[in-house]
Amino acid sequence: MARFERDGQFVEVWVERRDERADRGYVWPELRSRSGRVGAPEAPEVVTLERRFEWSARGDYRQFQSARLREGWRRVRDPDREPAFDEPIEPALDAALRANPSDAAAALVYADWLQHRGHPRGELIAIQHERIERPDDLALAAAEQHVLETHADVLWAHARAPDAHKNEGGVEVTWERGFIRRARILGFHDDGASEDLLWELLRHPSARFLRELELGCHHAGDQNNELMSDLLVRAGPTPPLRSLVLADFDDSEIDNIDISRAPLGDLTGLGERYPELESVTLKGTGDVVLGDLRLPRARRFALRTSTLERTTLAAIVRAPWPALEELELWFGDPLRGYGADCELADVEPLFQCALPKLRTLSLRNAMFSDEIVPAILAWPGAAQLERLDFALGTLSDAGADALIAGRAALRALAHVGVFECALSTAGLQRLRAAFPDVDDRAITPAHAWREPRQKPARYVSVSE
């Protein structure tokens, strides 16, 4: 169930299964809702919105929530289902840890302050601090586990065992001095449970200094992350995230998931909500809405897609990138019909941007790998590039020979990525003779099985 409030009104929505054909064992899920005035004594009427198949009910549940959030409703705790967290907070120490979550001195003072008030997080901070100094101490490990299990209802009740089967839902967490430093949501969920887990994580006191968030493969089929994006930028508290991955479904066992059917939705305001982000990796459809993108501390930005659209690319190009060191963009084939529409002319404005710290440029899965080489060589920033990557794209001998001829402009270049390009054996050898490191190895474990390493013709490797 998800509850929303606005202007003194509330609305709730949930999926409820109804056994209508018991003799055949089929359960029809129903999307239900109720609404009314906050604090009104009368019981609100329950309305059945839809009766659908399982996958439809889950989709409707997510769409209902996204619509409310985009209309300005706030997601709030459901008092009948979701626990309240009445944890004592010392504002000055909280502010110190938000500014620097690795501040050991502030954390230890907080531990003492919490222990005096009988809260188990104080003991957890102290034990985990000792474990940093003595990671192999079995007694400390047992004490840590005892505190986490005994007080799971307060500290975090949704932990997922690291060795759990990939289909099991939950959140993998990494702790640091009493708080969750890193969280990864994964496992195949029904009824929007993975989105509810993100909501629980964002509002939980244990995650208020969360620095790394990863959303993995969390649906059994298409990875629709529109509600995930809405929750991140329109709901809940905002921990001081440094790293965001939305979403990582690079798993060779589930590589049949179509990237062109994995919508990312609307991330407008991401930088305003999480101004301390240093690394952002997005994977899904290339129509993701980025708005007036500003990530002043971002050192790495990646958008992995087969359907990059002009409007999305334009938002990336016009954004200020004072700290950006690594830029990774995947494009797609405009002629394949999956939604990509970026062509060479749309990418060329990138080389008019001020990218003072850029050292790695990855232009992957592009139909114009050869054609973009002259623009790279003419760009003043080419002299600072250390890594240049054309993986999954169409770099052929013509593009390789242009790079070789212009290598004086690439005086810092040490690495050229050419996994699954369109080079001949001779072209690959010439490239290797000209540059220190030419790499045609798989770029992720999910790509390790793919053959051939070099394609017989110019086409992008990822289109669906």
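None of the figures in this text is laboratory data; all of them are computed from the coordinates on show. The structure presented is a predicted model; accordingly, all values stated were derived computationally and were not measured. So basically every Cβ, Gly included, is an ideal-geometry build from the backbone, and we count neighbours across all protein chains shown.
Across the chain, the mean sequence separation of Cα contacts (distance under 8 Å, 6 or more residues apart), normalised by length, yields a relative contact order of 8 percent. Helical runs (DSSP H, four residues minimum) scored at -39500 (n - 2.57) apiece and divided by the length of the chain put the mean residue ellipticity at 222 nm at -8500 deg cm²/dmol. Label positions at Asp397 and Leu138, each projected 7 Å from the Cα along the C-beta direction, are separated by 6.4 nm. In this rough spin-label picture, where each label sits 7 Å from Cα along the Cβ direction, the Glu90-Val46 distance is 4.7 nm. FRET efficiency for the Trp28 to Glu464 pair, using the beta carbon distance and R₀ = 22 Å, is estimated at 0.10. Computed extension gain for Arg37 through His129, at 0.36 nm per residue and net of the alpha carbon distance, reaches 28.4 nm. Potential lengthening of the chain between Ala409 and Thr174 amounts to 80.2 nm, from the contour at 0.36 nm per residue minus the alpha-carbon distance. A protection proxy built from the mean count of other Cβ atoms within 10 Å ranks the segments 291-303, 426-438, most packed first, as 291-303, 426-438. Modelled label positions at Ala433 and Ala354, each set 7 Å beyond Cα in the direction of Cβ, lie 4.2 nm from each other. For Ile89, Ile125, Ile257, Ile443, the sequence from fewest to most other C-beta atoms within 10 Å is Ile89, Ile257, Ile443, Ile125.
Counting neighbouring beta carbons within 10 Å and listing from fewest to most, the residues Thr238, Thr285 come out as Thr238, Thr285. Within the stretch 75-92, list the residues whose amide N lies under 19 Å from a label point set 7 Å along Cα→Cβ of Glu5. Output list for this probe position: 75-87. For the chain, the share of alpha carbon pairs falling in successive 10 Å distance bins from zero is 4, 18, 25, 24, 18, 9, 3, 0 percent. Taking the number of Cβ atoms within 10 Å of each Cβ as an exposure proxy, the fewest-first ranking of Lys455, Lys357, Lys283 is Lys357, Lys455, Lys283.
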